[in-house]
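The next block holds one structure in the form of structure tokens; read it before the comments.
The values are calculated or read from the model by the stated rules, or taken from the named source; none is laboratory data. Since we're looking at a predicted model, the values are computed, not measured. Backbone-built Cβ (ideal geometry, glycine too); neighbour counts: all protein chains shown.
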Amino acid sequence: MKTPRCSSSVKLQRTKLFFGLITIFLGIMISSTATAHSSTKPIFVGALPTIEIVPAFSIDTLIERLKSTKAIGLFTKLALKGDVEDLMENIRKADPKSDLSKSRSEFDGLVLKTLTLLDDKDPTLAEDIYVARDQIWQSIIEDKT
């Protein structure tokens, strides 16, 4: 007997939602002097055969879009900003030789939270954050060193 399964598109949307939140939070914390990232590379989502090409993005643009979206209320944005600042402080205080897996998990959680908030009312921003999440994480790590 076959068990019901989610379609590939539903799995992809759930994954995008999870990682999109991370991107939003990192985008808020990266300084306004961040430059556009022009490299593109394929991203494999889980075991799905779907490949996405990451477009060039600007962290500043993501930050501005997040600030101006009406999908998230003012107080929620302030709470998210506080969470991002706490994460950034933890990353700055971390021993340079230490493993950042705990910080990455916190980042992933913040991205998921953000994607959940954006999913229904601003899905384009949620998708852009999801797609840029790894590049945002790399920018944070590079700023630490």
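Report, ordered by the first and then the second residue, all pairs with beta carbons closer than 7 Å, sequence separation of six or more or different chains, a first member in segment 77-97 that is part of a loop (DSSP other than H, G, I, E, B), and a second member that is not β-branched (Val, Ile, Thr).
Listed by first residue and then by second, the contacts come to Ala94/Leu100; Ala94/Ser103.
Just a yes or no: is a residue in segment 54-73 loosely packed, with under 12 Cβ neighbours inside 10 Å, free of Cβ contacts under 8 Å to residues at least 24 places away in the same chain and of a type outside the set (Gly, Ala, Ser)? Step through it out loud before you land on a result.
If we filter segment 54-73 for residues that are loosely packed, with under 12 Cβ neighbours inside 10 Å, which is where we start, we get 55-56, 68, 70, 73.
With the extra rule that they be free of Cβ contacts under 8 Å to residues at least 24 places away in the same chain, the set shrinks to 56, 68, 73.
Going one step further and asking which of them are of a type outside the set (Gly, Ala, Ser), we end up with none.
No; the residues of segment 54-73 include none that is loosely packed, with under 12 Cβ neighbours inside 10 Å, free of Cβ contacts under 8 Å to residues at least 24 places away in the same chain and of a type outside the set (Gly, Ala, Ser).
Among the residues of segment 112-136, write down those that are among the basic types (Lys, Arg), within 14 Å of Arg65 (Cα to Cα) and buried (at least 23 other Cβ atoms within 10 Å of the Cβ). Explain how you work it out, then say what you get.
First pass over segment 112-136, keeping only residues among the basic types (Lys, Arg): 113, 121, 133.
Now narrow it down to the ones that are within 14 Å of Arg65 (Cα to Cα): 121.
Within segment 112-136, none qualify.
What about Asp120, is it more than 20 Å from Ile141 (Cβ to Cβ) and outside any helix (DSSP H, G or I)? Outline the logic, then answer.
Details: more than 20 Å from Ile141 (Cβ to Cβ): yes; outside any helix (DSSP H, G or I): yes.
Taking the combined requirement at face value, the residue satisfies it.
Could you identify the single residue in Ala126, Ala71 that is under 13 Å from the mean Cα position of the chain (by Cα) and not charged (D, E, K, R)? If you could, list the steps in order and put the result at the bottom.
Details: Ala71 fails: under 13 Å from the mean Cα position of the chain (by Cα).
Testing whether each residue is under 13 Å from the mean Cα position of the chain (by Cα) and not charged (D, E, K, R) leaves just Ala126.
Of all residues in segment 61-76, how many are farther than 16 Å from Asp128 by Cα and part of a helix (DSSP H, G or I)?
Residues in segment 61-76 being farther than 16 Å from Asp128 by Cα and part of a helix (DSSP H, G or I): 3 in total.
Looking at Lys102 and the list (1) assigned to a helix (DSSP H, G or I); (2) at pLDDT below 95; (3) more than 18 Å from Ile136 (Cα to Cα), which single condition is not satisfied?
Evaluating Lys102 over (1) assigned to a helix (DSSP H, G or I); (2) at pLDDT below 95; (3) more than 18 Å from Ile136 (Cα to Cα) leaves (3) as the failure.
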